[in-house]
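The structure under discussion appears below in the form of structure tokens.
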Amino acid sequence: MVTFPKRRLSAKLLKISMSVAVLVVLLFGLSVFVLEFQAGVREAQNRQVQNFHELVDGFTRDVKRRQGRVMLLVHNRLALNAAYQSLKLARKPEPFFGPGVLRFHLIYGEETLSGGSGPGDLPTAASESRQAVLKVVSLSETAETAGLLYAAHSMDSARPVSVHVLWDVSDLLPRKGWAGDDLFHGVTVSGEDGAALWKTSPWEPAPTESKDPLNMREFMWEGKSWVELSKEIPLFTDVTRLHAFYPRALLYSQAWRTSRRILFRTLVLLGIGLSLVVLLAIWLRQVLKPLDDITQGVKRISEGDRETVLDTGGEDEIAFLAETLNDMIHQLKVKEQSVEAHIRLLSEKNEELRQVTERLREADQLKDHFLAVLSHELRTPLTAILGYTELSLDGIYGPLSEKQREILSYVQNNGSKLLALMEDLLDIAKIRAGTIDVNVDEFRLEELVDDIRKFMENALRQKPDVKYVEDVQTDNMVMKTDRVKFEQILTNLLSNAVKFTERGSVKLSVRPADRDVQSPELQTREIPGRDFLQSAKGAGPGRIVFEVEDTGIGIAPQHLPKIFEAFTQLDSTIRRRYGGTGLGLTICKSLIEKLRGTIEVESELGMGCRFRVTLPTTFDPDSAHNKQEGGPA
């Protein structure tokens, strides 16, 4: 059993800690209050700016509405006729121009009409100009009254129209919501020179030099600090700004109303927190000691001391925790022993598997070597048998009866199949051993295609219902690669196509990789039972594509992933009907990869197959494209 020394927190240290905690609480509360007050000032300032934007937007919207009413009369003759007839009967102009009309002057062709509730005539600036005018004009020396003047014209040759309207500016501001102790104490509209055109208080705005749309400045007036907000309104013909001001003290009063509530809540919460700290300190003195003992014991256990036993004295939750930990330690020891036993068993099994794998690898190598030797040894007598059979059929050893010729033809046919089987076994053995070399030759592609054509003519002698078609889109292309393997790839694919096609066609297409499949320039010549199509177009460098397409039995989509596996045929009926070892496509794929190429297949059951082979025109032994150093496909 592990025992730990008892520790006590001295009363003096507790008093110092509590004093520091009280001081920290007070400083924290003061900091929170200052920060909240500053944030409240910024929030009040932002709120005033938002109120000013709403005031400007309302003012602008009202001006646009009145401007729209006048433009409707100028450009809509039906509306103008109705307004003219109504105004001519001395009716009020407000339904046509909006509320607050002081004066209006309407010229309709040779007729003029004036009216309004305000005294005097319209300002001369509107009557002299033939352009559209929108501006604020002062109507008194003290700028206590002003009007919004808008003049619009239509130069219709038949009957020109000119409309001048003067509204009271005070009607453009909202009736409520902008003035008050918590909002703005005054509003002013100034002109281009900064002079007030209209104002609601004796305060005079200063000229604004800032180019910003919204300007803010602080100033002293009547012994107080004030804040002015101004913004240019781009609707007017002349430079016109709207100003609003309020006392700086307004921001502080709003911030105080917000922050004092936060201060009170903060102090209450801090007082509660301080009380909880005191209670927590007292409780921790009773709880932390056994917890610390458990912590030290667990630390020793984590360092590898599985013999540690925790003290379980008492009947509280901590004692239950210590007892539970002791049980866990015991279970951990048992599991560690079990894991060690399993590790030893797994090590033994892994060693056995390694030995079995090594033996299987050796057996696989022996099998490949046996296939290579067997194929080589069988080829020699088989070649002799085929040679003498061919000589006998040619009549070298005398005339043959019809029965003898039939038997010798049967021997020659099956011997050729056996020789092809030996060749396939020898090739697959070389591929698996990685001993196939690439012998680069330079040759013309047309010569290879001619040899393939002769091969196909011989292969199709027994199938008159199958037609061979060529689509060659190259001209004098020279290739530098292994011609023997190249020809072996094509003959294997074409032999497969012939074997599985009973009627229809077997097609060989040759084209550069960067050319479309269909060529618009084809020359056709026919040989009985076959079609040969060759293109007159030239070919470029790079890679070349060969496609072998047939109309045979096809392959089901679920079988396509398995066709390149060695000794694979899709079902037993195919082997019985068509024969073969299932090595042809495996050898093709391996040779194509050896020549740094790719092979793809498309097929549908009953619709035939299309094999697409892409190869470089010049073999590069250092190319990383599909590079594989032998091995089965």
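The residues of the range 37-94 have, on average, 56 Å² of accessible surface per residue, using a 1.4 Å probe with all protein chains present.
Solvent-accessible area of the range 21-155 (1.4 angstrom probe, protein heavy atoms only): carbon and sulfur portion equals 57 percent. Highest-first packing order for the peptide set 187-197, 80-90 is 187-197, 80-90, based on the mean count of other beta carbon atoms within 10 Å. With all protein chains present, how much of the accessible area of the range 296-368 (probe radius 1.4 Å) comes from carbon and sulfur, to the nearest whole percent? Its accessible area is 55 percent carbon and sulfur atoms.
In the neighborhood of Glu218, defined by Cβ-to-Cβ distances under 13 Å, what is the net charge if each Lys or Arg adds +1 and each Asp or Glu adds -1? Counting the neighbours of Glu218, the net charge comes to +2. If you plug the beta carbon distance of Gln337 and Ala556 into 1/(1 + (r/R0)^6) with R0 = 51 Å, you get a FRET efficiency near 0.40. The Ser19 and Met328 beta-carbon pair, evaluated with R₀ = 56 Å, returns a calculated FRET efficiency of approximately 0.85. If Lys and Arg each add +1 and Asp and Glu each add -1, what is the summed charge of the other residues whose beta carbon sits under 11 Å from the beta carbon of Phe96? The answer is +3. Averaged per residue, the range 210-279 has 57 square angstrom of accessible surface, using a 1.4 angstrom probe with ligands and nucleic acids left out. Highest mean packing comes first when the peptides 163-172, 228-237 are listed by Cβ atoms within 10 Å, giving 163-172, 228-237. Surface analysis of the range 309-364 yields an accessible area of 83 Å² per residue, using protein heavy atoms and a 1.4 Å probe. Remark: the range 261-266, residue by residue, has Karplus-estimated 3J(HN,Hα) of 5, 5, 4, 4, 5, 5 Hz, where x stands for each Gly or Pro and the curve is 6.51 cos²θ - 1.76 cosθ + 1.60 at θ = phi - 60°. If Lys and Arg each add +1 and Asp and Glu each add -1, what is the summed charge of the other residues whose beta carbon sits under 15 Å from the beta carbon of Leu35? Taking every Cβ under 15 Å from that of Leu35, the sum is +2. Using a simple spin-label model with pseudo-atoms 7 Å out from Cα toward Cβ, Arg405 and Asp238 lie 12.4 nm apart.
The slack in the chain from Leu89 to Leu393, taken as 0.36 nm per residue of separation less the alpha-carbon distance, amounts to 96.5 nm. Segment Thr142..Arg47, full-extension length gain: 31.1 nm, with 0.36 nm per residue of separation and the alpha-carbon distance subtracted. A simple spin-label model places pseudo-atoms 7 Å from Cα toward Cβ; at Glu604 and Leu267 they are separated by 8.7 nm.
The values are calculated or read from the model by the stated rules, or taken from the named source; none is laboratory data. Just so it is clear, the structure is predicted and the values come from calculations on it, not from any experiment. All Cβ positions, even for glycine, are placed from backbone atoms using ideal geometry, and neighbour counts span all protein chains on display. Ligands, DNA and RNA are excluded from the accessible area calculation, which covers all protein heavy atoms including side chains. Shrake-Rupley method; radii C 1.70, N 1.55, O 1.52, S 1.80 Å.
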